[in-house]
Amino acid sequence: MPDTFTDEQRQFLQLLRLPVPGEAPPEMAPAKPSVKAVSAVPNRSVSAQTTSVSASMRPAETPVMPPESLPRPVEEGVSVLRNAVPASATLSTAVAPTPVRSTSPLSKAEALQAPVLATQASPSSADPQRITRIATLDWRDLNSMVSTCQACPLGETRKHAVFGAGNPRGSWLFVGEAPGAEEDRRGEAFVGRAGQLLDNMLRAMGLSREKDVYIANILKCRPPNNRDPLGPEVQACMPYLQRQIDLLQTRVIVALGRFAAQGLLQVDTPLSQLRGTTQHYQGIPLIVTYHPAYLLRNPIDKRKVWEDLKRALRVFAELQN
């Protein structure tokens, strides 16, 4: 062994608890940490580095580690692994946390709608055989099927299914959203306050529901508390309305409100962009306007509705020529 030693060699002998020639034994002269040796391991203190190295060279002794730093079995879960990594661990020894799906509670709206959406995914509503059968029914059998329909949960909460109202041989079809409380109670379409306003609108056009107009809805059953229709409900009910249109002698369709317009046209375009235009449903001109129930809350927009109805009259007049 050489007579002279570098600082690194002297430090190494001290860590091994071996005597350095010319110096006191290690028990009497504790080793001084070397700054150069510690710098090789970033983010650790001098005392921690000295302890870890000396402990690794003494297998008979238990390393001095805080209890929370002891490794635990992987089977205990990601959270255990995360806690097992000391706060001072370097990037090379840290365990990347595994993403965990959020378990935060649903909002009030989500909590109310989530169970309904789940139960409405009824296989019967999208059954191709059911849709094919509806497309072959005559007017009476179609009415009978609607009255006993259970294709979505609305069949359990309604009082009466509302097939429609007016003259099936009329040239006009007005389509609304869904029955209200009065319609559900009586089983007739547009008989509440909104229905009375619709009758006034028809009279202003020179029409009557008994002679010229048939009235139907996207949904045949009332949603609880008059809430907006849900997608699966519309999907279950649309084949009925489509068959009604096939059987009717409709020349012009007037869609009353956003749900009627978007349901017939199969678009998500806002009502404000659909108004003032002439759309088409299977080649039939379709005019979009506000629902009478909306006008009861916003009478200032009656002027806009009258402009829409005049457009419908012009389109009908062009078809007559």
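The values are calculated or read from the model by the stated rules, or taken from the named source; none is laboratory data. All of these numbers come straight from a predicted model, not from anything done at the bench. Here the Cβ positions follow ideal geometry from the backbone for every residue, glycine too, while neighbour counts run over all protein chains shown. The accessibility values were calculated without ligands, DNA or RNA, using every heavy atom of the protein model including side chains. Shrake-Rupley method; radii C 1.70, N 1.55, O 1.52, S 1.80 Å.
A few points about this structure:
- Shown are Ile300, Ile287, whose ranking by accessible area with a 1.4 Å probe and every protein chain present, most to least, is Ile300, Ile287.
- Using the 1.4 Å probe convention, the accessible area of the stretch 138-258 works out to 42 Å² per residue with neighbouring protein chains retained.
- Given a 1.4 Å probe and the protein chains as shown, Ser272 ends up with an accessible area of around 90 Å².
- In terms of accessible area, using a 1.4 Å probe and ignoring ligands and nucleic acids, Trp172, Trp306 rank largest first as Trp306, Trp172.
- On the basis of the beta-carbon distance and an R0 of 41 Å, Gln150 and Glu307 show a calculated FRET efficiency of 0.50.
- Potential lengthening of the chain between Ala181 and Arg10 amounts to 52.1 nm, from the contour at 0.36 nm per residue minus the alpha-carbon distance.
- Thr157 exposes around 80 Å² of accessible area when a 1.4 Å probe is run over every protein chain in place.
- Computed over the stretch 138-206, the range of Cα coordinates on each principal axis works out to 38, 28, 17 Å, biggest value leading.
- For the stretch 221-228, Karplus couplings with θ = phi - 60° (6.51, -1.76, 1.60), whole Hz, Gly/Pro x: 10, 6, x, x, 6, 6, 5, 5
- Accessible carbon and sulfur surface of the stretch 237-315 relative to its total accessible area, %, 1.4 Å: 47 percent
- Cβ charges +1 (Lys, Arg) and -1 (Asp, Glu), total dipole of the stretch 192-321, debye: 340 debye
- Here r is the Cβ-Cβ distance between Arg297 and Thr132 and R0 is 51 Å; the resulting FRET efficiency, rounded to 0.05, is 0.80.
- Three-way shape label, the stretch 266-321, alpha-carbon gyration tensor, a/c 1.5: oblate
- The magnitude of the dipole of the stretch 127-247, with charges of +1 and -1 set on the Cβ of Lys/Arg and Asp/Glu and taken from the Cα centre, is near 160 debye.
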